[in-house]
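Colleague: Have a look at the structure that comes next, please.
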Amino acid sequence: MPDAPAGEPVHPASAVTPGNDVPAEAWSGVHRGPLRPGEWVRLVDQKGRRHNICLEEGKRFFTNRGHLEHDELIGRDEGFTVMSSAGGQYLVFRPLLSEFVVSMPRGAAVVYPKDAAQIVAMADIFPGATVVEAGVGSGALTCSLLRAVGPHGTVLSFERREEFADVARRNVTQFFGGQHPAWELVAGDLAEALPADGRGADRVILDMLAPWECIDAVADALLPGGIVCAYVATTTQLSRVVETLRAHGGFTEPQPWETLVRDWHVEGLAVRPGHKMIGHTAFLVTARRMSPGEKPPAKKRRPAPGAYGADYGGPRPADLPPQVVEEPFDQ
């Protein structure tokens, strides 16, 4: 590679020539080079308001600050500022996956990027993996799973509601620019359809109202060492799925957690937490599948008094006595 002119840094990306797009067979949903008709772009104004538009030759985009000609955007490299007819300034980029999923049309609520990132990392989604997903919702998590497994993996999504499946199908197809070869969308209940499918899975992601109802089917489908990850919204759901995994006996000790994201305001000496944050969205629970017939070591547990007392009616860990009697309260 020739030396860069004095004072100019050498970037690894300099090996990428202008117009050298990401290979279509990568199915990344990402493009390089000049903007072209049919692509989606994200416009952000001076107040941070966002607009996603699909570029079409000869078309106009109207805002409260005048209009923009699509032809003024087509053919330019992303990362520029454009002026509307009434003097409004707009930053122009292709949308990131994290930006696409929070603004795409919704049937069901979407899995937010902070949780999708945790699922991909902590459930160890890898290229070539076979991942089962239930339900598909609006397709937000599906996009992250498909990008992680790549075209040589498989994402098998189960969705009971056809209207949600239709929304997810449109969103995923829009992001990837076509029908992703690794994706199979099945209309049906995982608890019934997964055993009938008969395939083994490396990972199972459960984003549904009652994931504990599917644990037996998940255990039969998961390969030894595979991971189940449940995404639930409430503490009652969290308790039920954790205790069901414990009571099953064929999984390692479940690991529950949540993530909170807080931005910061930084201007000179004014450095402080932002006034807004993405707080609770959901709880995540992961556990690994033991080899058939094998059980994890008994956990040395000391439950809090009353944790599994007379008022508790959920699944019970197998290593606990039938009933834990509460100590009488000392007057």
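The values are calculated or read from the model by the stated rules, or taken from the named source; none is laboratory data. The structure presented is a predicted model; accordingly, all values stated were derived computationally and were not measured. As a convention, Cβ positions derive from the backbone with ideal geometry for all residues, glycine included, and neighbour counts pool all protein chains shown. Heavy atoms of the whole protein, side chains included, go into the accessibility calculation; ligands, DNA and RNA do not. Shrake-Rupley method; radii C 1.70, N 1.55, O 1.52, S 1.80 Å.
Colleague: Kindly establish whether ARG288 is farther than 24 Å from ASP124 by Cα, assigned to a strand (DSSP E or B) and either charged (D, E, K, R) or touching a residue at least 12 places away in the same chain (Cβ under 8 Å) (or both).
Modeller: Criteria not met by ARG288.
Colleague: Quick check on the stretch 39-47. Is at least one of its residues open to solvent by 70 Å² or more (accessible area, probe 1.4 Å), under 16 Å from GLU72 (Cα atoms) and either modelled with pLDDT under 95 or in a helix (DSSP H, G or I) (or both)? Spell out the reasoning first.
Modeller: First pass over the stretch 39-47, keeping only residues open to solvent by 70 Å² or more (accessible area, probe 1.4 Å): 40, 46-47.
This time we only want the ones that are under 16 Å from GLU72 (Cα atoms), so: 40.
Subsequent filtering for residues that are either modelled with pLDDT under 95 or in a helix (DSSP H, G or I) (or both) retains 40.
Checking the stretch 39-47: at least one residue is open to solvent by 70 Å² or more (accessible area, probe 1.4 Å), under 16 Å from GLU72 (Cα atoms) and either modelled with pLDDT under 95 or in a helix (DSSP H, G or I) (or both).
Colleague: Could you please find all residues in the stretch 103-112 being open to solvent by 40 Å² or more (accessible area, probe 1.4 Å) and not basic (Lys, Arg)?
Modeller: Of everything in the stretch 103-112, those that are open to solvent by 40 Å² or more (accessible area, probe 1.4 Å) and not basic (Lys, Arg) turn out to be SER103, PRO105, ALA109, TYR112.
Colleague: I've got another one for you. Taking the stretch 274-285 only, how many residues are free of Cβ contacts under 8 Å to residues at least 60 places away in the same chain and either open to solvent by 80 Å² or more (accessible area, probe 1.4 Å) or part of a strand (DSSP E or B) (or both)?
Modeller: Count: 7.
Colleague: Next question, about the same structure. Looking for something in a loop (DSSP other than H, G, I, E, B), modelled with pLDDT of 95 or more and either within 19 Å of the chain's Cα centre (by Cα) or among the aliphatic types (A, V, I, L, M) (or both) - is there at least one such residue anywhere in the stretch 306-314?
Modeller: So far as the stretch 306-314 goes, no, none of its residues is in a loop (DSSP other than H, G, I, E, B), modelled with pLDDT of 95 or more and either within 19 Å of the chain's Cα centre (by Cα) or among the aliphatic types (A, V, I, L, M) (or both).
Colleague: Just wondering, is there one or more residues in the stretch 127-144 that are in contact with a strand residue (DSSP E or B) (Cβ under 7 Å, 6 or more places away or on another chain), closer than 28 Å to ALA168 by Cβ, outside any loop (DSSP other than H, G, I, E, B) and open to solvent by 20 Å² or more (accessible area, probe 1.4 Å)?
Modeller: Within the stretch 127-144, one or more residues are in contact with a strand residue (DSSP E or B) (Cβ under 7 Å, 6 or more places away or on another chain), closer than 28 Å to ALA168 by Cβ, outside any loop (DSSP other than H, G, I, E, B) and open to solvent by 20 Å² or more (accessible area, probe 1.4 Å).
Colleague: Of everything in the stretch 60-102 that's in a helix (DSSP H, G or I) and open to solvent by less than 70 Å² (accessible area, probe 1.4 Å), which residue is farthest from GLY48 (Cα to Cα)? Before you say what the answer is, go through the steps one by one.
Modeller: At the first step, the residues of the stretch 60-102 found to be in a helix (DSSP H, G or I) are 70-72, 97-102.
Restricting the remaining residues to those that are open to solvent by less than 70 Å² (accessible area, probe 1.4 Å) gives 70, 97-102.
Values: HIS70: 20, LEU97: 18, SER98: 16, GLU99: 13, PHE100: 16, VAL101: 17, VAL102: 15 Å.
Once the filter is applied, the top-ranked residue is HIS70.
Colleague: Restricting to the stretch 213-265, and then to whatever is part of a helix (DSSP H, G or I) and of a type in the set (Lys, Arg), can you tell me which residue is farthest from TYR312 (Cα to Cα)?
Modeller: Here is the first cut: in the stretch 213-265, the residues part of a helix (DSSP H, G or I) are 213-221, 235-248.
With of a type in the set (Lys, Arg) added as a condition, the list becomes 240, 246.
Details: ARG240: 11, ARG246: 15 Å.
Top of the filtered list is ARG246.
Colleague: Specify which of the listed residues (VAL218, VAL266, VAL271) is open to solvent by less than 80 Å² (accessible area, probe 1.4 Å) and not aromatic (Phe, Trp, Tyr).
Modeller: VAL218
Colleague: Pick from the stretch 150-196 the residues that are among the polar types (S, T, N, Q) and assigned to a strand (DSSP E or B): which of them is farthest from the chain's Cα centre (by Cα)? Break it down into steps so the answer makes sense when it comes.
Modeller: The first filter runs over the stretch 150-196 and keeps only residues among the polar types (S, T, N, Q), leaving 154, 157, 171, 173-174, 179.
Subset that is assigned to a strand (DSSP E or B): 154, 157.
Values: THR154: 16, SER157: 13 Å.
Among residues in the stretch 150-196 that are among the polar types (S, T, N, Q) and assigned to a strand (DSSP E or B), the one farthest from the chain's Cα centre (by Cα) is THR154.
Colleague: Keeping to the stretch 145-174, report how many residues are polar (S, T, N, Q) and open to solvent by 10 Å² or more (accessible area, probe 1.4 Å).
Modeller: The total comes to 3.
Colleague: Could you tell me which numbered condition VAL242 fails, if it satisfies all but one of (1) aliphatic (A, V, I, L, M); (2) under 29 Å from ALA108 (Cβ atoms); (3) without any contact (Cβ under 8 Å) to a residue 60 or more places away in the chain; (4) open to solvent by 40 Å² or more (accessible area, probe 1.4 Å)?
Modeller: (4)
Colleague: Going residue by residue through the stretch 185-206, is there one that turns out to be β-branched (Val, Ile, Thr), surrounded by fewer than 23 Cβ atoms within 10 Å (Cβ to Cβ) and over 16 Å from ILE119 (Cβ atoms)?
Modeller: Looking through the stretch 185-206, at least one residue is β-branched (Val, Ile, Thr), surrounded by fewer than 23 Cβ atoms within 10 Å (Cβ to Cβ) and over 16 Å from ILE119 (Cβ atoms).
Colleague: Related question: For ARG203, indicate whether it is part of a loop (DSSP other than H, G, I, E, B) and either in contact with a strand residue (DSSP E or B) (Cβ under 6 Å, 6 or more places away or on another chain) or closer than 21 Å to ALA129 by Cβ (or both).
Modeller: Considered against the rule, which asks whether it is part of a loop (DSSP other than H, G, I, E, B) and either in contact with a strand residue (DSSP E or B) (Cβ under 6 Å, 6 or more places away or on another chain) or closer than 21 Å to ALA129 by Cβ (or both), ARG203 comes out as no.
Colleague: Please find, among VAL155, VAL167, the residue that is closer than 28 Å to ALA26 by Cβ, touching a helix residue (DSSP H, G or I) at 6+ places or on another chain (Cβ under 6 Å) and in contact (Cβ under 8 Å) with a residue 12 or more places away in the chain. Step through it out loud before you land on a result.
Modeller: On the way: VAL167 fails: touching a helix residue (DSSP H, G or I) at 6+ places or on another chain (Cβ under 6 Å).
Selected residue: VAL155, the only one of VAL155, VAL167 that is closer than 28 Å to ALA26 by Cβ, touching a helix residue (DSSP H, G or I) at 6+ places or on another chain (Cβ under 6 Å) and in contact (Cβ under 8 Å) with a residue 12 or more places away in the chain.
Colleague: Now for a separate question. Does ASP115 satisfy being charged (D, E, K, R), closer than 23 Å to MET208 by Cβ and not in a helix (DSSP H, G or I)?
Modeller: no
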